[in-house]
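Notes follow the structure.
The values are calculated or read from the model by the stated rules, or taken from the named source; none is laboratory data. All of these numbers come straight from a predicted model, not from anything done at the bench. Every residue, glycine among them, receives a Cβ derived from its backbone with ideal geometry; neighbour counts consider all protein chains shown.
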Amino acid sequence: MSYYQVKNLEQYFKHYNKSIREPRKFWDKIADENFTWYQKWDKVVEFDMQEADVKWFLNAKVNITKNCIDRHLAKRGNKTAIIFEPNDPKEEAQHISYNELYDRVAKMANVLREQGIKKGDRVCIYLPMIPELAVSVLACARIGAIHSVVFAGFSASAVTSRINDSQCKMVITSDGGYRGNKSIDLKGIIDEALEKCPSVEKVLVVKRTHAEINMKTGRDLWLQPLLEEAIPNNVAEIMDAEDPLFILYTSGSTGKPKGMLHTTAGYMVFTAYTFKNIFNYEENDVYWCTADIGWITGHSYILYGPLLNGATTVIFEGIPSYPDFGRFWDVIDKHKVTQFYTAPTAIRSLAKENSEWVEKHDLSTLKVIGSVGEPINEEAWHWYNNHVGKKRCPIVDTWWQTETGGIMISPLPFVTPTKPTYATFPLPGVQAVLMDEKRNEIEDNQVVGSLCIKFPWPGMARTIWGDHQRFKETYFTAFPGKYFTGDGALRDEVGYYRITGRVDDVVIVSGHNLGTAPIEDAINEHPAVAESAIVGFPHDIKGNALYGFIILKEYGESRDRANLANEINQHISGHIGPIAKLDKIQFVSGLPKTRSGKIMRRILRKIAEGDFSNFGDTSTLLNPEIVEEIKNGRL
Ligand code: WTA
């Protein structure tokens, strides 16, 4: 590994400017010096941003797992690749060396092949945070199967739609999963989901909770016996640079979830490079990211980024509050964690507990601490800085998205002076720009605008699975020739970026992207509901929470409102998952609509926030009188 690491701000500026002047040369060098290739590229990048058509490292041949595992074996075979910290602190942690990881991935890859999985097939992985999740992901990549990890908190119908969208041939799941003092019946959810998934031929089941489950003959197989018979050796599939690596679903502001497709070489180069630089990773460090592998943060910064760097990465099965509010700090202490990466929601929820939970643990091994997934407010930033980083660990507030594959804007530790709530500077190679309402690029500082990226980067998603048109429309048409992030941002006097939040109908709740449209669709299916509109409003812990304005059908009018609100939340839970439940439900007789029938969400957002000061131009409303009613009924 020999990525050039900048040592001070002056070097950063020089390096950044060079990366912008000569992006091809910049990425060419990084790709050339840090990976094992079967064959190198003919051309670094080829793109047409109008058509949303981007290719990196053309015609190169590579396998990402050779880079994550095999090439480390000679030097780091006995080094710990994965530390597994179980939900229950009384259960012993596991230390999986690179040698053992190789064996386990090779065996799993052989099992997948024996069960009929070939290069290009889609495999849905619905597992708790256990080593088998990492092994399954890597085994898919080993044989060129496209993994589609679905977060194990999604409901059966959310799983169904994701499996059907990408026509998965196999599901890998477990008999259950632990979360604090609960256990979750994952296999039951899969059984229900698969009632409507004709493409799935096989289900491999990991034993974790030993719960009683149904095994469907001819379809379901216990994984362990198959692994016991498998050979611990596997020849990796030779992948083209642009062969798909994985699909990961993210919410859109409209309609069904978007299956973001990431390809092999560009994603590999980008996650490895960003991991090394943003976390200042050094050989004997122990790195811990608390995300779930079901989200992009887990893909890029629990698995691929760290393993590509030969790092030791912690996989934590549990939750921050179990068995008590000191769990995170206990794990850092126990495993001597050097880099810790978590979400503002977790920080806020722990900050409201007694600070003794933190103080009683030794956090002196920490060097860099990170934040991801949503804006971090000033109070949480300071708490994190004072109590966890003890004012000596730089906070890397990392801005990025499922679509970007890896971190785009972030301080570089010990290089970029941090500033609370600011993600600061774009990384070298990332051409961030702000656009005004007239679609012009804003050159000045001290401005706000829509955040765009004006040159491709290797880690970017290449398309939405099965719907390139939607990919193009969602990200490449608002500002032609540029990638539009959907976020608004402010740039301060020195050029630091602060992400102000989504400018579309996506709401980030506890760091999870939730499109309001799919939730509305779910609610509208309830027999008592005529129409609904969901908006986000600020919440102390979750960042944002959801507020629903709901019009009832005549049938619903006679029902008890509290019961109905409960039922509606149950309904959302069943359709999407508990994370999408509404915090507030207000029943209304109408919604503010424009003459063209569009709901004016801006007004609903203001009401939900409790800000009645300025509703802006309401002259285009068809029913201005409804605003007063909704305002008076605010919860
Ligand atoms: C938001 C998560 C402020 C943003 C990696 C983005 C952030 C969306 C930050 C992507 C941050 C992510 N500061 N906002 N540091 N990081 N976001 O796809 O709105 O789950 O567009 O990827 O989260 O969420 P996603």
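Scanning region 370-391 for residues that are in a helix (DSSP H, G or I), buried (at least 18 other Cβ atoms within 10 Å of the Cβ) and in contact with a Pro (Cβ under 9 Å, 6 or more places away or on another chain) turns up Ala380, Trp381, Tyr384, Asn385. Looking across Phe414, Phe484, Phe479, one residue alone is more than 25 Å from Val368 (Cβ to Cβ) and assigned to a loop (DSSP other than H, G, I, E, B). It is Phe479. In region 476-488, the residue that is nearest to Pro344 (Cα to Cα) out of those that are in contact with a Lys or Arg (Cβ under 7 Å, 6 or more places away or on another chain) and within 9 Å of the ligand (Cβ to nearest atom) is Asp487. What do you reckon, is Val433 within 14 Å of the ligand (Cβ to nearest atom), closer than 30 Å to Gly266 by Cβ and among the aliphatic types (A, V, I, L, M)? Answer is no for this residue. Of the residues in region 495-515, at least one is away from the ligand (no atom under 16 Å from the Cβ) and in contact (Cβ under 8 Å) with a residue 24 or more places away in the chain.
Hey, does region 344-356 have a residue that's of a type in the set (Gly, Ala, Ser), within 16 Å of the ligand (Cβ to nearest atom) and buried (at least 23 other Cβ atoms within 10 Å of the Cβ)? Even if it seems obvious, please write down each step before you answer.
Residues of region 344-356 that are of a type in the set (Gly, Ala, Ser), as a first pass: 346, 349, 351, 355.
From the residues that got through so far, the ones that are within 16 Å of the ligand (Cβ to nearest atom) too are 346.
Next, only the ones that are buried (at least 23 other Cβ atoms within 10 Å of the Cβ) stay: none.
No, that holds for no residue.
Considering only residues in region 1-50 that are touching a Leu at 6+ places or on another chain (Cβ under 7 Å) and outside any loop (DSSP other than H, G, I, E, B), the one that is nearest to Pro480 (Cα to Cα) turns out to be Glu46. Scan region 536-559 for residues that are under 26 Å from Asp611 (Cα atoms), away from the ligand (no atom under 16 Å from the Cβ) and not hydrophobic (A, V, I, L, M, F, W, C) and jot them down. Scanning region 536-559 gives Asp540, Tyr547, Gly548.
Being buried (at least 19 other Cβ atoms within 10 Å of the Cβ), more than 16 Å from the ligand (Cβ to nearest atom) and more than 25 Å from Met260 (Cα to Cα) is the requirement here; does Ala533 meet it? Full working, then the answer.
On the way: buried (at least 19 other Cβ atoms within 10 Å of the Cβ): yes; more than 16 Å from the ligand (Cβ to nearest atom): yes; more than 25 Å from Met260 (Cα to Cα): yes.
The answer is yes for Ala533.
For region 493-526, give me the residue count where each residue is acidic (Asp, Glu), touching a strand residue (DSSP E or B) at 6+ places or on another chain (Cβ under 7 Å) and part of a loop (DSSP other than H, G, I, E, B). Let's see the steps before the verdict.
Within region 493-526, the first condition is being acidic (Asp, Glu), and the residues that meet it are 493, 504-505, 520-521, 525.
Going one step further and asking which of them are touching a strand residue (DSSP E or B) at 6+ places or on another chain (Cβ under 7 Å), we end up with 504-505, 520.
Narrowing the set further to residues that are part of a loop (DSSP other than H, G, I, E, B) leaves 504-505.
Of the residues in that region, 2 qualify.
Taken over region 357-369, the criterion of being surrounded by 15 or more Cβ atoms within 10 Å (Cβ to Cβ) and either within 28 Å of the chain's Cα centre (by Cα) or assigned to a helix (DSSP H, G or I) (or both) is satisfied by Trp357, Val358, Leu363, Thr365, Leu366, Lys367, Val368, Ile369.
The residue list Ala106, Ala141, Ala74 contains one member that is without any contact (Cβ under 8 Å) to a residue 40 or more places away in the chain, over 30 Å from Trp329 (Cα atoms) and part of a helix (DSSP H, G or I), which is Ala74. For beta carbons closer than 7 Å, sequence separation of 6+ or different chains, a first residue in region 435-447 that is surrounded by 12 or more Cβ atoms within 10 Å (Cβ to Cβ) and a second that is of a type in the set (Ser, Thr, Tyr) and modelled with pLDDT of 95 or more, the qualifying pairs are Met435/Ser450. Restricting region 372-389 to residues that are within 16 Å of the ligand (Cβ to nearest atom) and touching a helix residue (DSSP H, G or I) at 6+ places or on another chain (Cβ under 6 Å), the residue that is nearest to Ser410 (Cα to Cα) is Val372. Of the strands (runs of 3 or more DSSP E) lying entirely inside region 161-279, those containing at least 2 residues that are surrounded by fewer than 20 Cβ atoms within 10 Å (Cβ to Cβ) and in contact with a strand residue (DSSP E or B) (Cβ under 6 Å, 6 or more places away or on another chain) span 220-222. Of Val388, Val415, all but one fail to be under 24 Å from the mean Cα position of the chain (by Cα), farther than 30 Å from Gly252 by Cβ and among the aliphatic types (A, V, I, L, M); the exception is Val388. Quick one: is Arg559 more than 18 Å from Val509 (Cβ to Cβ), in contact (Cβ under 8 Å) with a residue 12 or more places away in the chain and under 29 Å from the mean Cα position of the chain (by Cα)? Judged against the criteria, Arg559 is not a match.
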